[in-house]
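What follows is one structure encoded as structure tokens, with my remarks underneath.
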Amino acid sequence: MERKILNFQADKIEMVFAAHKAPVRVWGGRMTARTVQFHISPATNTKLAKIESLTDEIALALGVSNARVTRNQGTLSVEIERADSKQVWLTDLKTRLGADEALRHALAQPGTTILGLDAEGVPLLLRLASPDVAHCLIAGTTGSGKTELTRTMLASMVLHQKPRDLQLALFDPKYHGLALFAEMPHLLFNIIDNPDEMQVRLAYLVAEMERRDRDQITRPRIIVVIDELADALQTGGAAVEGLLTRLIQRGRGAGISLIACTQKPTVRAVGSLMKANFPVRIVGRVASAEDARVAAGISGSGAEKLAGRGDFLLIAGGQTIRFQAAQVRAPEIEQLIRARAGANASAIQGGWSGILRRIK
């Protein structure tokens with residue numbers, strides 16, 4: 001964006017606050033792939049609640065759909081979506097991360113996955129094997145980028161980790177979001193879309209968890225992915241909920257992690273399964289402030305004002321990190337799976353600590 005546009009927007013922000021007797025000074029800012037942050041310094045007698053209440057007025061003045069007020073280590077900012085927003089692609093991040101030996105080593109660890117770029121443009125990784133993580137809930141309405149993020153996480157693990165180190169159990173009630181991974185050599189069993197078979201496979205995973213726990217086995221790491229948690233619970237009923245609860249509560253010690261996605265982050269839709277069982281929440285745009293509170297597990301996250309299309313909040317260990325999710329194209333997934341299947345066949349013939357960020 002041109003500097004004169006940014007200066008114009010900064011002046012507008014100061015004018016809005018001044019008109020409502022809440023004077024602030026815009027003293028700097030930063031740009032991400034999707035947003036512009038204007039750092040503000042309020043007058044000593046200006047209350048934070050007053051500043052936060054004026055986001056709609058700021059959005060109207062700037063001609064954008066919404067604005068958010070954020071706090072990060074003492075820095076107060078007004079955040080809006082860029083008019084010239086850019087996508088983050090997994091292939092680009094792969095090249096960037098490949099040049100860093102420490103990150104290459106981290107990505108080779110079973111269950112470590114790429115999420116995207118944080119607000120500072122730094123690659124953001126999630127390590128499911130960490131005791132502080134283990135399980136992850138991804139929530140967001142249609143258009144939030146939830147399914148695309150899940151595909152990126154899977155593609156990232158498939159790209160960097162071998163089937164002997166990582167096995168995936170995929171549940172896709174609509175057989176849509178995860179269908180591209182049907183031929184992946186890392187699959188523990190075929191992608192499950194039938195409610196009856198889902199219960200059978202979950203029971204198998206619980207039995208496997210108990211065996212591994214008894215024998216103190218944690219490898220290979222098993223990642224269970226459910227594309228639509230609310231649908232799974234609705235069709236599977238109490239039996240599925242009970243099996244999932246056992247997996248979540250005891251899977252950590254047996255090397256089993258769960259990634260659950262839902263577009264209905266309400267207590268009614270997902271019941272008590274969410275409470276205290278998902279240490280890490282990844283929240284995209286949701287329908288309301290109440291949905292944001294349930295999905296994030298905290299109040300005031302502002303997830304209902306996110307821009308969608310890959311704009312997410314990562315909530316973990318008391319931190320809230322905004323990031324732009326990386327995306328991967330369908331042909332790239334197909335090419336990756338073919339390459340991995342070939343490599344696996346050749347191998348057979350031949351014989352916060354959970355969040356990793358690398359400063360630029």
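For the chain, the mean residue ellipticity at 222 nm estimated from helices alone is -12000 deg cm²/dmol, where every DSSP H run of n ≥ 4 contributes -39500 (n - 2.57) and the total is divided by all residues, rounded to the nearest 500. At an R0 of 45 angstrom, the distance between the Cβ atoms of A238 and M15 translates into a FRET efficiency of 0.20. For the stretch 217-231, 3J(HN,Hα) computed residue by residue from phi via the Karplus equation (6.51, -1.76, 1.60; θ = phi - 60°) reads 9, 10, 10, x, 6, 10, 10, 9, 10, 10, 5, 9, 4, 4, 5 Hz, glycine and proline entered as x.
Within the stretch 180-279, report the GluC sites (Glu not before Pro) that DSSP leaves as loop and that have at most 16 other Cβ atoms within 10 Å.
Taking the stretch 180-279 and a limit of 16 other Cβ atoms within 10 Å, the loop GluC sites (Glu not before Pro) found are E183.
With the charge dipole of the stretch 88-357 set up from +1 on Lys and Arg Cβ and -1 on Asp and Glu Cβ about the Cα centre, the Cα lying farthest toward the positive end among the listed residues Q216, A182, I256 is that of Q216. The GluC sites (Glu not before Pro) found in the stretch 2-76 that occupy coil by DSSP, while having at most 13 further C-beta atoms within 10 Å, are E2. With a simple spin-label model that places each label point 7 Å from the Cα along the Cα-to-Cβ direction, the separation between R96 and R329 comes to 1.9 nm. Computing FRET efficiency as 1/(1 + (r/R0)^6) for Q87 and Q319, where r is the C-beta to C-beta distance and R0 is 22 Å, gives about 0.35. Its Cα centre serving as origin, the stretch 88-357 has a Cβ charge dipole (Lys and Arg +1, Asp and Glu -1) of approximately 420 debye. Listed values for the stretch 138-154 are Karplus-derived 3J(HN,Hα) couplings in whole Hz (6.51 cos²θ - 1.76 cosθ + 1.60, θ = phi - 60°), namely 10, 10, x, 6, 4, x, 6, x, 4, 5, 4, 5, 4, 4, 4, 4, 5, and x replaces Gly and Pro. Only one item in (i) 139; (ii) 168; (iii) 130 matches volume of the Cα convex hull per residue in Å³ derived from the coordinates shown, and that item is (i). Shown for W89, W27: other C-beta atoms within 10 Å of each C-beta, ranked fewest to most, produce the order W27, W89.
Computed 3J(HN,Hα) for the stretch 105-117, one whole-Hz value per residue from the Karplus formula 6.51 cos²θ - 1.76 cosθ + 1.60 where θ = phi - 60°, is 5, 4, 5, 7, 6, x, x, 8, 9, 7, 9, x, 10, glycine and proline marked x.
Around the Cα centre of the stretch 1-142, unit charges on the Cβ atoms of Lys, Arg, Asp and Glu (plus for the first two, minus for the last two) sum to a dipole of about 180 debye. The ranking of L166, L60 by Cβ neighbour count inside 10 Å, starting from the fewest, reads L60, L166. A Cβ-based charge dipole, computed about the Cα centre of the stretch 3-81 with Lys and Arg at +1 and Asp and Glu at -1, lands at about 200 debye.
With the simple model of a label 7 Å out from the Cα in the direction of the Cβ, K4 to R211 spans 7.0 nm.
Checking the Cα-Cα distances for K12/K94; K21/K305; K4/K305; K21/K86; K4/K94; K12/K305 against a 31 Å cut-off, the pairs over it are K12/K94; K21/K86; K4/K94.
Listed by chain and number, the aspartates and glutamates placed with their C-alpha closer than 16 angstrom to that of K146 are D172, D227, E228, D231, D291, E304, D311; residues fewer than eight positions away on the same chain are left out.
Applying a DSSP loop filter and a limit of 16 other Cβ atoms within 10 Å to the trypsin sites (Lys or Arg not before Pro) in the stretch 1-97 leaves K21, K47, R82, K86. For the pair S53 and V122, label points projected 7 Å from Cα toward Cβ lie 3.6 nm apart.
Quick check on the exposure proxy: order F8, F312, F323 from fewest to most C-beta atoms within 10 angstrom. Don't skip to the answer; put the middle values down first.
Values: F8 12, F312 29, F323 26.
With the sparsest Cβ surroundings first, the list reads F8, F323, F312.
Relative to the current alpha-carbon distance between T245 and E197, full extension at 0.36 nm per residue lengthens the span by 15.5 nm.
All of the numbers you see were taken from the coordinates with simple rules; none came from a lab. Keep in mind that this is a model prediction, so the values were computed, not measured. Here the Cβ is made from the backbone with ideal geometry for all residues, glycine too, and neighbour counts use every protein chain on show.
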